[in-house]
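Asks: My questions will all concern the structure given below.
The values are calculated or read from the model by the stated rules, or taken from the named source; none is laboratory data. What you see is a predicted model, and the numbers here were worked out from it, not measured in a lab. Note: ideal-geometry Cβ built from the backbone for every residue, glycine included; neighbour counts use all protein chains shown.
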Amino acid sequence: MTRECAALLPGVCAALADPRQPGLDDTCLEKLLDWFRSLTWFDPTVELVQDNPSLTELITSVLALPDPSPSIVSFTLQLAGILASSESRFQHLQQEKLLGRLFGREGPRGSAVWEDASVRSAWLKGVHSMVHHQPALPFLCSTGSMDVIFTLQGDPSLFVASAASQLLVHMLTFSLESETSKALSAKDCDWPACAQMIVKHIQESLQSSSASHVEQSLKLLSSLFGSCFGSCYAAWTEVLWLDIAKQIESFLLEETVQAQPVLANLLLNVARSPVLCGTEGSFWALVTSALERLTPVQAGPLAVGLLKLCKCPQDVRIQALTVLLQPMDCILRALFFFGPLGLLDESVSDPVTVESLLSSKTSCAGLLCQTLAHLEKLLSLKHLKVDLPCVSLLRSLMTILQFCNGSLSPPSPLGSTISRNLINCFRVQKSALDVLAALSEKKGEFIFAFLTKTILQFCPICFPLFQVLKKTFQATSKWLVHLQGLPSNSQQQQTEKILEGVFLVLQKRLCSPCWEVRDSSLEFLTAMVKCLRDQNEFRQCLLSSEVLRLTENLLEDPESYVRASAVTASHLSQASIIAKLQEILSTDSEGFPRRAVISIFTKWLREGCTGRLEDTEQFVSRVIQTVEHDLDWEVRLGGLELVEVFCSQAICQLSQCPYAPVSSAVTSSTPQKELLQVFCRAKLFGFLFGSLCDCDKPVGQRACDVLVGLRGHFYPMSTLENPQEVEDSPAGRGIAWLQRTLRQGSLAQNLPTDGGDGVDFQDPESMMLALGAIDLLELHDELNKSSDHVEESPQSLLQDILATVGTIEDNEVDCY
Amino acid sequence: MPEIKVTPLGAGQDVGRSCILVSIAGKNVMLDCGMHMGYNDDRRFPDFSYITQNGRLTDFLDCVIISHFHLDHCGALPYFSEMVGYDGPIYMTHPTKAICPILLEDYRKITVDKKGETNFFTSQMIKDCMKKVVAVHLHQTVQVDEELEIKAYYAGHVLGAAMFQIKVGCESVVYTGDYNMTPDRHLGAAWVDKCRPDLLITESTYATTIRDSKRCRERDFLKKVHETVERGGKVLIPVFALGRAQELCILLETFWERMNLKAPIYFSTGLTEKANHYYKLFITWTNQKIRKTFVQRNMFEFKHIKAFDRAFADNPGPMVVFATPGMLHAGQSLQIFRKWAGNEKNMVIMPGYCVQGTVGHKILSGQRKLEMEGRQILEVKMQVEYMSFSAHADAKGIMQLIRQAEPRNVLLVHGEAKKMEFLRQKIEQEFHVSCFMPANGETTTILTNPCIPVDISLGLLKRETPVPDAKKPKLMHGSLLMKDNSFRLVSPEQALKELGLAEHQLRFTCRVHIQDPRKEHETGLRVYNHLKGILKDYSVQHLPDGSITVESILIQATAHSEDQGTKVLLVSWTYQDEELGSYLTSLLKKGLPQGTP
């Protein structure tokens, strides 16, 4: 703690404990706790409380208040917990007899403020912070706190209930793992008292007739095993699991407990944890039976979780996959009356439940959405240890999509029911398109066979819902990527056919009255151009379509988002639109299109599309003059990026060997001089130094980066160790002024870029001087601090609290 | 019993960030998705992990509704839809959809300025999020799915602010968002029809306050600006790009016109143009006066207000500058503040609330020596004024809205616990309805008593004579058909026909033992004579096979297999003659009287 803060703290504590003071902004108290947390985190010594007696005085005063406000009680509980997080401070607070009065029976637990959920939550958080050393546990057990925590698991407040559950997990883990000397693997009678209490509570709740108690315990166990994930194997977790496994099995068999989702989650967390050692056989049997007994909706998350595991036995994996594929299988079977046309081997599939779920209007979409989301997740996995029947999956997906848009109504009764349930179901449509996109990653021979069908069947159909269209575009562009790798010429025609179809759709969409559709169409076009620009067929199709003309028209779209996307999409035909883009940069009234133009310009420059250095120099100079006074900070930032690219290219072109070290500080070599002249002619320095004083910090930061880079080029490291002396010449005076101005805090200044105060930003000599004289690295450090680093400091926070309580009489609640 | 559940994740007993989960008739809706500007870490967003413990958000939530464009109501939306992964429908009004991205973009800039900011959305995310939004018109009933429908009502508060009615079947909830029951200079008053929702969720910012007219505050504002300008000072008004800025621009513009003032007024951000464009575009959302004068002159076309250039700040003489961001976080407004703070002739007016951790908060709490970057101390000599222009309903307004909507229950959000408690009691006393005020994370459950509409077939109605009066309750019998999500009461015959079912007769049977050593047919005859004697008004028949019928009731006499002296009477009757059947059974159980032939 700094001296300034230590001096302010007593005043703050006194103000907080004063009931006459109006309430503080709740963020102040939270941030104050953050500060104490950071102070105690690495420092277990008792000094903090000893040197700052105002802290314990605050606690004492709050305890003495006859009718304290919930917010100050909450704060005090948390503060005490944080302070008691180390053994020495805990003992200190115990000597002062504060902890018992706060967390024990005579504390807020028994008073009216306990009704307030924030107080209960703070009590739990306080206890949680405290449980980081052994003496805390007996203290809690002896003050009856364990029963309070057990009760709070069922608190009406979600936050309190969840905090109680997390606390129990923390306490059990801490109490067992901190007692390393004892052999804990045998039986729980050896376990520490606190752990025994928790385990006993879990066991009793599991056998309780109250469904909510059972569910609470299952949740607790679930997070307990979930938290073991990744930690080293602890023998006690296995003992615990063996203790409860039978009970869990009985829940599955009896099906009387309505906590199946929690049960599935628990099994998954156990499967993930390192608990299983020697009990594997029986555990996997339990998992298998869960996959069989739970409904498809309940088993889905378990199945997908199992498939992600490395250590899952192959037969369990296959069964999990079966659970996920069953709805897709059912869809395919629903197409036909007879025949082995499903996706799964009939022997493993028991379609009755799934069929009935899909037949019902209310459950059909839910089941399919969930299944599709799981499949998307599986497809995104790099190492999936089971084979996915991609071809059939694709067929099933196509069927779902056709059901959704009403283009397929199969003769079978099940098929027609499902198709009725799915027609116009956008939720399912969206999920199916996501899977379709993900399926494109699974490269295989089958892809091309279905590609034509997929795209051509879907693009021309009119989608009333924008999001579906967007997903179609996403899926299509992912599939189109594979066009590039097509092997034989025989498929060239097919490619052209596909592309023609796509462009036809695109033309229509670019004229849509909804800006969302126009914008996404342009984004789709940009994505296509990016991946297929080198392909001849693509270029030909693009040029022969109306798409480019339409895109150019959209440069004048009323919606700025669309104009910006049109700028990005139209850079393929750069030569013809460069003037247009420059016009947009200087005249468009909104930021997005201007940002798009500057980033396209930078891209061209980077790709070397702007021609010779002289042309580039003029181009950059023009752009700089346009963006220098732009009202949008990102445009100015983009301008600096352009300058950076230009500088590095100019350096490469003009230095014969760009990597050779520069021999002396004030170099007389021609390339260096020429380079400086180029930069000065392009009016680079005025822009860069002016940007250092930009009111938006990121702009200043970037300008400083560029200047530091330039200095590194013109001055070798050794010369920079001694700061450059500014000569007493007309140019030198200007630079000295610049130096002083920047030192005074760049953000407060407006730097004249027109040569005011004798600085000539176009004079190579002056600029060489400036680069050497100004301490850019210090400026860099200053600019890299957060804009609110002063206001967010603890000292500032303490000052704010003091100022608030001191001046505002009635802190009327207000908001925006 | 059906129930409505409400769990605030934000705005439960606080005014931080609104995010309220409502569960109604199996549908889950999120009302608002706000951000807390007082935090730089994840605490600024609601903790969405509480929405569902199992499964995906998109599967769980049926829709998200945003009431208006203030960041404490929509600021977390791009985070929720693009980073947390919600992919379902989002609804807001047209102006909110247009204005929301401007404010989000404005705030994103502040976060970029702050180093160490993590987990914040990008421009592309804002755009992608906005594309997912479905814009709604006022009073338009939007069908989210087959059962869930929503409808927007005018809320006043800011341009495009709306209250939403959420309806599933006959159960409904109205969420007010922020609203204002008194019209102001550019917006009208909130209005909702007498929709008698099961629950009204209302904001309660000024739960215990009776606010003075906004006109007084506006007059005060103009006076202060005018005085400063007159004495040659400069006025800085830090604002967010949209909202309060336009409101104050109208004020100054008309005042300047009226007083023929010459001092320049500048607006510092390039976003103004777009903002003003939207205010012009959504003229129908403004108040009557603006709409009426619109043809002669659009209020949002400002003659006196010009774009600001950084160099103007150093110009001598008076001026008024609107600069972003609003709480003097960083950027242009802070830069101008630093330049002007040292001169006591100048003034800064904070037209809204400032969170801790901003220069705005510091100067409002009276701090006059500020540490700036590079350990420099800035002495604030300029005048500092705070003026609250926030337009919320006060206690009177809230009561007025409840009177207007006639809800069965009320739930208070977006306010301080103490003040809510006061209002809660007042509401319960005055309207005799239950009023709730859950804290964040607490679930309130409200039992509803839904009336289910049933159609009655014309055939069944016509059977009743006289035809029942629609206003009077009447008991009717028929078969209830539940088909295609609707209920119909029809005659049993029609029900059979529609469902393609055959009619089955349900008969009750009973065995009665009587002591009679005679032959069966003689016993039968004795029973017949006995009944004929008693049941004079009924048709009693003796059939050739020896059995007896009384109306639909059939009686047969058989011999007992083991005891010749006992005869068994099999009695069987239909559902329609149940009363007669049981009467006969009890009669026969008494046995046949002596001397019956």
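Asks: Out of the residues in region B:342-358 meeting the condition of being of a type in the set (A, V, I, L, M, F, W, C) and farther than 22 Å from residue B:223 by Cβ, tell me which one is farthest from the other protein chains (Cβ to nearest Cβ). Give the steps one after another, and end with the answer.
Replies: At the first step, the residues of region B:342-358 found to be of a type in the set (A, V, I, L, M, F, W, C) are B:347-350, B:354-355.
Checking the rest, the ones that are also farther than 22 Å from residue B:223 by Cβ come to B:354-355.
Values: B:354: 9, B:355: 7 Å.
Here the answer is B:354.
Asks: Restricting attention to region A:595-645, and to residues there that are over 30 Å from residue B:110 (Cα atoms) and in a loop (DSSP other than H, G, I, E, B), which single residue is nearest to the chain's Cα centre (by Cα)?
Replies: So, considering only residues that are over 30 Å from residue B:110 (Cα atoms) and in a loop (DSSP other than H, G, I, E, B), the one nearest to the chain's Cα centre (by Cα) is A:607.
Asks: Evaluate the following for residue B:326: is it crowded, with 22+ Cβ neighbours inside 10 Å, in contact with a Phe, Trp or Tyr (Cβ under 9 Å, 6 or more places away or on another chain) and either more than 14 Å from every other protein chain (Cβ to nearest Cβ) or under 30 Å from residue B:180 (Cβ atoms) (or both)? Show your work before the answer.
Replies: On the way: crowded, with 22+ Cβ neighbours inside 10 Å: yes; in contact with a Phe, Trp or Tyr (Cβ under 9 Å, 6 or more places away or on another chain): yes; either more than 14 Å from every other protein chain (Cβ to nearest Cβ) or under 30 Å from residue B:180 (Cβ atoms) (or both): yes.
It is true that residue B:326 is crowded, with 22+ Cβ neighbours inside 10 Å, in contact with a Phe, Trp or Tyr (Cβ under 9 Å, 6 or more places away or on another chain) and either more than 14 Å from every other protein chain (Cβ to nearest Cβ) or under 30 Å from residue B:180 (Cβ atoms) (or both).
Asks: Which residue out of B:224, B:131, B:194, B:151 is free of Cβ contacts under 8 Å to residues at least 60 places away in the same chain, surrounded by fewer than 23 Cβ atoms within 10 Å (Cβ to Cβ) and over 16 Å from residue B:22 (Cβ atoms)? So that I can check it myself, show each step before the final result.
Replies: On the way: B:224 fails: free of Cβ contacts under 8 Å to residues at least 60 places away in the same chain; B:194 fails: free of Cβ contacts under 8 Å to residues at least 60 places away in the same chain; B:151 fails: over 16 Å from residue B:22 (Cβ atoms).
Answer to the check: B:131.
Asks: May I pose another question? If you check A:177, A:215, which single one turns out to be at pLDDT below 90, surrounded by fewer than 18 Cβ atoms within 10 Å (Cβ to Cβ) and of a type in the set (Asp, Glu)?
Replies: Exactly one residue qualifies, and that residue is A:177.
Asks: Kindly indicate whether any position in region A:439-459 is modelled with pLDDT of 75 or more, away from every other protein chain (no Cβ under 14 Å), closer than 23 Å to residue A:403 by Cα and in a helix (DSSP H, G or I).
Replies: Looking for residues that are modelled with pLDDT of 75 or more, away from every other protein chain (no Cβ under 14 Å), closer than 23 Å to residue A:403 by Cα and in a helix (DSSP H, G or I), one finds at least one in region A:439-459, hence yes.
Asks: Within region B:300-323, restricting attention to residues that are in a loop (DSSP other than H, G, I, E, B) and over 41 Å from the mean Cα position of the chain (by Cα), which residue is surrounded by the most Cβ atoms within 10 Å (Cβ to Cβ)?
Replies: B:308
Asks: Something else about it: Can you name every residue in region A:590-637 that is among the hydrophobic types (A, V, I, L, M, F, W, C) and without any contact (Cβ under 8 Å) to a residue 24 or more places away in the chain?
Replies: Of everything in region A:590-637, just one residue is among the hydrophobic types (A, V, I, L, M, F, W, C) and without any contact (Cβ under 8 Å) to a residue 24 or more places away in the chain, namely A:619.
Asks: Restricting to region A:507-530, give me the number of residues that are over 16 Å from residue A:567 (Cβ atoms) and either crowded, with 24+ Cβ neighbours inside 10 Å or not hydroxyl-bearing (Ser, Thr, Tyr) (or both).
Replies: Qualifying residue count, region A:507-530: 9.
Asks: Please go through region A:684-701 and pick out each residue that is more than 21 Å from residue A:777 (Cβ to Cβ) and either touching a Phe, Trp or Tyr at 6+ places or on another chain (Cβ under 7 Å) or among the polar types (S, T, N, Q) (or both).
Replies: Correct list: A:686, A:696.
Asks: Hey, does region A:610-628 have a residue that's at pLDDT below 95 and either in contact with a strand residue (DSSP E or B) (Cβ under 8 Å, 6 or more places away or on another chain) or within 12 Å of chain B (Cβ to nearest Cβ) (or both)?
Replies: Checked against the condition, which is being at pLDDT below 95 and either in contact with a strand residue (DSSP E or B) (Cβ under 8 Å, 6 or more places away or on another chain) or within 12 Å of chain B (Cβ to nearest Cβ) (or both), region A:610-628 yields at least one hit.
Asks: How many of the residues in region B:375-401 are outside any loop (DSSP other than H, G, I, E, B) and at negative phi?
Replies: 15
Asks: Scanning for something part of a strand (DSSP E or B) and either in contact (Cβ under 8 Å) with a residue 24 or more places away in the chain or under 30 Å from residue B:7 (Cβ atoms) (or both), does region B:522-539 turn up at least one residue?
Replies: no
Asks: Here is a further query. Just to verify a result, which residue in region B:49-65, among those that are charged (D, E, K, R) and closer than 16 Å to residue A:265 by Cβ, is modelled with the highest pLDDT? Break it down stepwise before answering.
Replies: Within region B:49-65, the subset charged (D, E, K, R) is B:56, B:59, B:62.
Retained after the next criterion (residues that are closer than 16 Å to residue A:265 by Cβ): B:56, B:59.
Values: B:56: 83, B:59: 87.
The residue in question is B:59.
Asks: Only one residue in B:15, B:64 is touching a Cys at 6+ places or on another chain (Cβ under 7 Å) and away from every other protein chain (no Cβ under 11 Å), so which one is that?
Replies: Among B:15, B:64, only B:64 is touching a Cys at 6+ places or on another chain (Cβ under 7 Å) and away from every other protein chain (no Cβ under 11 Å).
Asks: For region B:1-33, name all the residues that are in contact with a Pro (Cβ under 8 Å, 6 or more places away or on another chain) and among the hydrophobic types (A, V, I, L, M, F, W, C).
Replies: Hits for region B:1-33 are B:6, B:9, B:19, B:20, B:21, B:25, B:33.
Asks: Follow-up. Which of the helices (runs of 4 or more DSSP H) contained wholly in region A:360-426 include at least 2 residues that are of a type outside the set (S, T, N, Q), in contact with a Leu (Cβ under 7 Å, 6 or more places away or on another chain) and closer than 30 Å to residue A:312 by Cβ?
Replies: In region A:360-426, A:361-379, A:390-405 are the helices (runs of 4 or more DSSP H) which contain 2 or more residues that are of a type outside the set (S, T, N, Q), in contact with a Leu (Cβ under 7 Å, 6 or more places away or on another chain) and closer than 30 Å to residue A:312 by Cβ.
Asks: Do we have any residue at all in region A:13-25 that's in contact (Cβ under 8 Å) with a residue 12 or more places away in the chain, small (Gly, Ala, Ser) and more than 14 Å from chain B (Cβ to nearest Cβ)?
Replies: So far as region A:13-25 goes, yes, one or more of its residues are in contact (Cβ under 8 Å) with a residue 12 or more places away in the chain, small (Gly, Ala, Ser) and more than 14 Å from chain B (Cβ to nearest Cβ).
Asks: Answer with yes or no whether residue B:137 is within 28 Å of residue B:276 (Cβ to Cβ) and modelled with pLDDT under 90.
Replies: no
Asks: Within region A:514-554, take every residue that is of a type in the set (Val, Ile, Thr) and within 14 Å of chain B (Cβ to nearest Cβ) and give me the one that is nearest to residue B:98 (Cα to Cα).
Replies: Selected residue: A:517.
Asks: Among the candidates B:554, B:506, B:480, B:461, single out the residue that is of a type outside the set (Val, Ile, Thr), at pLDDT below 85 and within 20 Å of residue B:576 (Cα to Cα).
Replies: B:506
Asks: For region B:366-383, enumerate the residues that are at the interface with another protein chain (Cβ under 7 Å from one of its Cβ atoms) and touching a Ser or Thr at 6+ places or on another chain (Cβ under 8 Å). Before you say what the answer is, go through the steps one by one.
Replies: If we filter region B:366-383 for residues that are at the interface with another protein chain (Cβ under 7 Å from one of its Cβ atoms), which is where we start, we get B:366-367, B:371-374, B:376.
Listed by number, the residues that qualify are B:366, B:371.
Asks: Another question, then. Name every residue in region A:76-124 that is touching a Lys or Arg at 6+ places or on another chain (Cβ under 8 Å) and either outside any helix (DSSP H, G or I) or β-branched (Val, Ile, Thr) (or both), in order of residue number.
Replies: Listed by number, the residues that qualify are A:82, A:107.
Asks: Then there's this: Return the pair list, or none, for Cβ contacts closer than 9 Å from residues in region B:57-72 that are among the basic types (Lys, Arg) to residues that are in a helix (DSSP H, G or I), at least 6 apart or on different chains.
Replies: none
Asks: Considering only region A:18-28, how many residues are hydrophobic (A, V, I, L, M, F, W, C) and under 11 Å from residue A:69 (Cβ atoms)?
Replies: The initial filter retains those residues of region A:18-28 that are hydrophobic (A, V, I, L, M, F, W, C), namely A:24, A:28.
Retained after the next criterion (residues that are under 11 Å from residue A:69 (Cβ atoms)): A:24.
Selection size over region A:18-28: 1.
Asks: Condition test on residue B:363, is it touching a strand residue (DSSP E or B) at 6+ places or on another chain (Cβ under 7 Å), in contact (Cβ under 8 Å) with a residue 12 or more places away in the chain and within 11 Å of chain A (Cβ to nearest Cβ)?
Replies: The answer is yes for residue B:363.
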